[in-house]
1. At residue 52 and residue 161, where each label point lies 7 Å from the Cα along Cα→Cβ, what is the point-to-point distance in nanometres?
2. Top mean-square fluctuation among 118, 170, 108, Gaussian network model of the chain, C-alpha springs under 10 Å?
3. Taking springs between alpha-carbon atoms closer than 10 angstrom, which of 137, 34, 21 fluctuates most in the Gaussian network model of the chain?
4. What 222 nm value per residue comes from the helices of the chain, counting each DSSP H run with n ≥ 4 as -39,500 (n - 2.57) and dividing by all residues, nearest 500 deg cm²/dmol?
5. Restricting to the range 3-186, compute how many DSSP beta bridges are antiparallel as a %, nearest 5.
6. Express the relative contact order of the range 3-186 as a whole percentage, based on alpha carbon pairs under 8 Å and six or more residues apart in sequence.
7. How long is the gain from residue 138 to residue 198 if the chain were fully straight, where each residue apart is worth 0.36 nm and the alpha carbon distance is subtracted?
8. Counting alpha carbon pairs within less than 8 Å and at least 6 residues apart, what relative contact order, in whole percent, applies to the range 106-199?
């Protein structure tokens, strides 16, 4: 099924990691989707009151500097974005690294075939923070987005939690994302569907 959609991310979220792994693997296997990856800051959304926005001090808030590095790669090194995207998720969730540490981010990006130090330096240059703020604020104002991962297509936005990773199974990845897209497009009356217990 062909589809065009956006998908929000923040490298802090394990559910975002799960879904983005499905989407990336499906795209790499030839899924006919046009996907725009949109950064959404959980740190910014969790600020209480009129505090200083996270964009003013990206390295001072978990996940923000990594998100800005992701924006730099997306905008300037698009052919490396998917690999870098997974590498930054992996740094947080597989290795448990602190994503406020620029050296850690640089090493992760080096592993994706980039000059990681240069990307991190540009992430601090100002324009990525402006881009991140614009993307985040548009998502909140236009679609009332509150978290990640959220699928956005046209005037609809759907927050989704998938509990399992694809673990290299491309067919499973395509099937999983396809089910989400089918529900979003074909059954908008379903607003919430959540198991009360999960098998362990």
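1. Reported label-point gap for residue 52 and residue 161 is 3.3 nm.
2. 118
3. Per the Cα network of the chain with a 10 Å cutoff, 34 tops the list.
4. It lands at -15000 deg cm²/dmol.
5. 45
6. On the way: 284 pairs, mean separation 59.7, N = 184.
The value is 32 percent.
7. Stretched out fully, the residue 138 to residue 198 stretch lengthens by 18.2 nm.
8. In percent, rounded to a whole number, it is 11.
Every read-out reported here was derived from the displayed coordinates using simple, explicitly stated rules and does not represent laboratory data. Since the model is a prediction, treat every value here as computed from it, not as a measurement. Using ideal geometry, Cβ is built from the backbone for each residue, glycine included, and neighbour counts are taken over all protein chains shown.
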